[in-house]
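The values are calculated or read from the model by the stated rules, or taken from the named source; none is laboratory data. The model shown is predicted, which means the values in this text are computed figures rather than measured ones. A quick note on method: Cβ atoms are made from the backbone with ideal geometry, for glycine too, and the neighbour counts reach across all protein chains shown. Accessible surface is based on the protein model in full, side chains and every heavy atom, while ligands, DNA and RNA are left aside. Shrake-Rupley method; radii C 1.70, N 1.55, O 1.52, S 1.80 Å.
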Amino acid sequence: MTTDEGTSNNGENPAATMTEQGEDITTKKDRGVLKIVKRVGTSDEAPMFGDKVYVHYKGMLSDGKKFDSSHDRKKPFAFSLGQGQVIKAWDIGVSTMKKGEICHLLYKPEYAYGSAGHLQKIPSNATLFFEIELLDFKGEDLFEDSGVIRRIKRKGEGYSNPNEGATVKVHLEGCCGGRTFDCRDVVFVVGEGEDHDIPIGIDKALVKMQREEQCILYLGPRYGFGEAGKPKFGIDPNAELMYEVTLKSFEKAKESWEMDTKEKLTQAAIVKEKGTVYFKGGKYTQAVIQYRKIVSWLEMEYGLSEKESKASESFLLAAFLNLAMCYLKLREYNKAVECCDKALGLDSANEKGLYRRGEAQLLMNDFESAKGDFEKVLAVNPQNRASRLQISMCQKKAKEHNERDRRVYANMFKKFAERDAKEEASKAGSKKAVEGAAGKQHESQAMEEGKAKGHV
C-alpha cells in the first residue's frame with residue numbers, strides 16, 4: 001500500500017475516521033494519540049528507547065490539507081526514539097510500530113505543537129493526522145565505531161550517570177552464539193570490571209546508563225574478551241557478545257574538584273599500581289582508564305607546595321609515558337604521540353618519551369621525524385643500542401618507501417605517455433582520413449572538369 005492509497009479512503013476525511021475507529025495508545029488514555037494499523041509489519045519486534053528509526057511519512061491538518069511529506073523529498077526521515085528530537089506524539093506512536101508497518105495516527109494539540117503552532121504551516125492548537133511507515137530501526141552506537149550497540153528495554157530514572165571509579169551494583173546476563181555463559185548480580189568499580197571477568201565494553205557503557213535502566217548491549221571483539229577470549233566461560237578469541245544489563249544502583253566516585261591535593265596524590269599512587277597490573281596482564285584499555293585518572297586529577301592542579309609539585313610532576317610524567325606505551329599496544333599512534341608530547345613538555349630530554357614518540361612516528365611512516373627522535377635519544381644516552389637499530393630501520397623504510405613511490409610514479413607517467421601517444425595517433429589518423437577524403441574530393445572534381453573539357 002502506498003501513502004496516497006492509504007490516505008485516500010474514497011475522499012473521506014481521514015481525521016474523522018481516526019476519531020471514530022482509532023485506538024488510544026497514550027498511557028493516560030486521554031485519546032491524545034489515536035492509531036489505526038493500515039499494513040501489518042514484517043516482524044514482532046518494535047523499536048526501543050534510544051534506537052535510531054527510519055520512517056517515511058505524510059502529515060496533514062484535520063481538514064485534509066497536506067503540510068509535509070518525506071516522500072516529496074524522496075528521502076526517509078531518521079531520529080532517535082524517545083530523545084525529544086520530535087514531537088511527543090511521534091515518540092509515542094513510532095514506539096508501538098513494527099518494522100514494515102504502515103499506520104495512521106491522529107494527534108491532539110497537546111501531543112503535537114500546542115498553542116504555539118509551527119512555522120507558518122501548522123496553526124495554533126491544530127489537530128494533526130500522520131501516515132507513517134516504519135522502514136527500519138537499529139540500536140544506538142555508543143562510541144560511533146560499531147563496537148558497542150545499546151538497545152534500552154527499560155528507561156532509567158533521573159539524569160545522573162555513574163562516572164569512572166563509581167561503585168555499581170548490576171545484574172548481567174551474557175550470551176554468545178545463543179548460549180548463556182554468565183548470569184549474576186555483581187558489585188564492582190567502573191573501570192575495573194576485568195577483575196570480575198566483565199568485559200571492558202560493560203564498563204564503558206555503564207557511564208552512559210541511568211539507575212534502574214535495563215538494556216541489551218552488543219559487544220564487538222574489541223569491547224568483549226578480545227583476542228584472548230575467556231576460557232573460563234568457553235568464549236573463543238574475537239567472539240561477539242550480547243549482554244543484558246540492569247543498573248540497580250551506583251555510588252559515584254569523587255570528582256576532581258571534590259578532592260584536595262593530598263587525596264589526589266594518594267589516589268594517584270593507587271591507580272598507578274592498578275594500571276601497571278592491567279598493563280602487565282595485557283589489559284591495555286583498562287590500564288588507560290587508570291592512568292587517565294592521574295591526568296584528570298593533577299594536570300590542572302595549581303597552588304601546590306614545592307614538595308607537592310614535584311610529586312605531581314612525577315605522577316604526570318609516569319602517566320603520560322605509560323599511556324603512550326598503552327596506545328602503542330592498542331595501535332592508536334596519534335594518541336601515543338600526543339602523550340609523548342605531554343611527557344616531553346615536563347622533561348624535554350626524557351629518554352622514554354623520545355623513544356616512544358619515535359616508535360609511534362615510525363609506525364605512522366613519518367620516517368624523518370622518527371629518525372630525529374631516535375637521534376635525540378642517542379644524544380641523551382649514546383649507549384642506547386635500540387635507537388641505533390631504529391635509525392637504521394628508519395633509513396631502510398624511507399628508502400623502500402621512496403623506491404615504491406618512484407615505481408608508482410613511473411607506472412603512472414608511463415600510462416600517461418601511452419595515453420598521450422594513443423591520442424596523438426588517433427589525431428594523426430583522423431587528420432590523414434580528412435586529408436584523404438579531401439584528396440579524393442579534389443580528384444573527383446578534376447575528373448569532372450576533365451570530362452567537361454573532353455580529356456577523359
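Structure data summary
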read-out	value
Output for the range 158-196, where each listed residue is on the phi > 0 side of the Ramachandran plot and in contact with a Lys or Arg (Cβ under 9 Å, 6 or more places away or on another chain)	GLY158, GLY165, GLY191
Selected residue (only one of LYS272, LYS280 is in contact (Cβ under 8 Å) with a residue 40 or more places away in the chain, open to solvent by 50 Å² or more (accessible area, probe 1.4 Å) and assigned by the TED database to the domain that holds ASN350)	LYS272
The one condition in (1) of a type outside the set (Ser, Thr, Tyr); (2) farther than 26 Å from LYS283 by Cβ; (3) in contact (Cβ under 8 Å) with a residue 40 or more places away in the chain that ASN381 fails to fulfil	(3)
Condition met for GLY82 (touching a Lys or Arg at 6+ places or on another chain (Cβ under 9 Å), under 20 Å from LEU34 (Cα atoms), modelled with pLDDT of 95 or more and open to solvent by less than 40 Å² (accessible area, probe 1.4 Å))	no
Given (1) more than 25 Å from LYS280 (Cβ to Cβ); (2) out of contact with any helix residue (DSSP H, G or I) (no Cβ under 6 Å at 6 or more places or on another chain); (3) of a type in the set (Val, Ile, Thr), number of the condition VAL148 does not satisfy	(2)
Any hit, the range 377-386, residues being surrounded by fewer than 20 Cβ atoms within 10 Å (Cβ to Cβ), of a type in the set (Gly, Ala, Ser) and farther than 22 Å from HIS401 by Cβ	yes
Any helices (runs of 4 or more DSSP H) falling wholly within the range 278-379 and containing at least 1 residues that are within 26 Å of the chain's Cα centre (by Cα) and either within 20 Å of GLU255 (Cα to Cα) or at pLDDT below 95 (or both)	284-298
Any hit, the range 399-419, residues being under 20 Å from LEU316 (Cβ atoms) and either crowded, with 20+ Cβ neighbours inside 10 Å or aliphatic (A, V, I, L, M) (or both)	no
Unmet requirement for LEU321, which otherwise passes all of (1) out of contact with any Lys or Arg (no Cβ under 8 Å at 6 or more places or on another chain); (2) within 19 Å of GLY282 (Cβ to Cβ)	(1)
Residue under evaluation GLY64, criteria (1) buried (at least 16 other Cβ atoms within 10 Å of the Cβ); (2) in contact (Cβ under 8 Å) with a residue 40 or more places away in the chain, criterion not met	(1)
Test: residue in the range 91-98 that is outside any loop (DSSP other than H, G, I, E, B), outside the structural domain of LYS155 (by the TED database) and polar (S, T, N, Q)	no
Pairs, first without any contact (Cβ under 8 Å) to a residue 60 or more places away in the chain in the range 76-97, second among the aliphatic types (A, V, I, L, M) and part of a helix (DSSP H, G or I), C-beta under 9 Å, six or more apart	PHE79/VAL94; LEU81/VAL94; VAL86/VAL94
Count of the range 236-250 residues which are open to solvent by 50 Å² or more (accessible area, probe 1.4 Å), assigned to a strand (DSSP E or B) and of a type in the set (S, T, N, Q)	0
Residues located in the range 95-113, provided they are open to solvent by less than 40 Å² (accessible area, probe 1.4 Å) and under 14 Å from VAL33 (Cβ atoms)	MET97, CYS103, HIS104, LEU105, LEU106, TYR107, PRO109, TYR111, ALA112
In the range 4-40, the residues that are open to solvent by less than 20 Å² (accessible area, probe 1.4 Å) and either in a loop (DSSP other than H, G, I, E, B) or at pLDDT below 95 (or both)	GLY6, THR7, PRO14, ALA15, MET18, GLY22, THR26, GLY32
All positions within the range 313-347 that are of a type in the set (Gly, Ala, Ser) and buried (at least 21 other Cβ atoms within 10 Å of the Cβ)	ALA319, ALA324, ALA336, ALA343
From the options GLU306, GLU263, GLU301, residue that is of a type outside the set (Ser, Thr, Tyr) and open to solvent by 70 Å² or more (accessible area, probe 1.4 Å)	GLU306
Search result, residues across the range 187-216 that are closer than 15 Å to TYR278 by Cα and in a helix (DSSP H, G or I)	GLY193, GLU194, ASP195, HIS196, ILE200, ASP203
